[in-house]
């Protein structure tokens, strides 16, 4: 089974978290699901470089990476996902969607109302427990 290495950012601005909705996908289990944005790590790229690049490419948003938050290993039907999650901040909420179909800036108590991709659920649960904002 293919193993995919990605980084994702919990991006915070004024006590709200950026939640991005994936585009329609032929893999039903991730199609139109919400996620913490990020992407695949390219060869010779650090986690931080990847995360900043992906957020800028996909959302036209500049971020600061503050701390490593957690590691998620999840097995989807077609691949294994290794996702390093970082706490990030942004000075603004001006997002231009290039790959996602929508995004929301939500308070911590409202993020659990979304239909999240399975790999992102452990992050949602930990955020609710830690109450970081």
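Things to note:
- The mean sequence separation of alpha-carbon pairs under 8 Å and at least six residues apart, normalised by the residue count of the stretch 2-130, gives a relative contact order of 34 percent.
- Matching label, log10 I(q)/I(0) by the Debye sum over Cα atoms at q = 0.14, 0.18, 0.23 Å⁻¹ computed from the structure shown, candidates [x] -0.55, -0.92, -1.46; [y] -0.57, -0.99, -1.74; [z] -0.66, -0.98, -1.39: [y]
- Taking the DSSP beta bridges with both ends in the stretch 2-130, the antiparallel portion is around 65 percent.
- With the cut-off at under 19 Å, measuring from each backbone N in the stretch 51-73 to a point 7 Å along the Cα-to-Cβ line of residue 92 picks out 52-65.
- Taking 0.36 nm per residue of separation and subtracting the Cα-Cα distance, full extension of the segment from residue 28 to residue 118 would add 31.2 nm.
- Distance (nanometres) between label positions extended 7 Å along Cα→Cβ at residue 3 and residue 102: 3.6
- Residues of the stretch 70-110 with amide N under 13 Å of the 7 Å Cα→Cβ point at residue 132: 70-72, 84-90, 108
- Centre-to-centre, using Cα atoms only, the stretch 70-133 and the stretch 1-44 are separated by 7 Å.
- In plain terms, the chain from residue 40 to residue 71 could stretch by 9.7 nm, reckoned as 0.36 nm per residue minus the Cα-Cα distance.
Since every read-out is calculated from the coordinates, none of them should be taken as a lab result. For clarity, every value in this text was computed on a predicted model and none was experimentally measured. Positions of Cβ are generated from backbone atoms using ideal geometry, with glycine treated the same way; all protein chains shown enter the neighbour counts.
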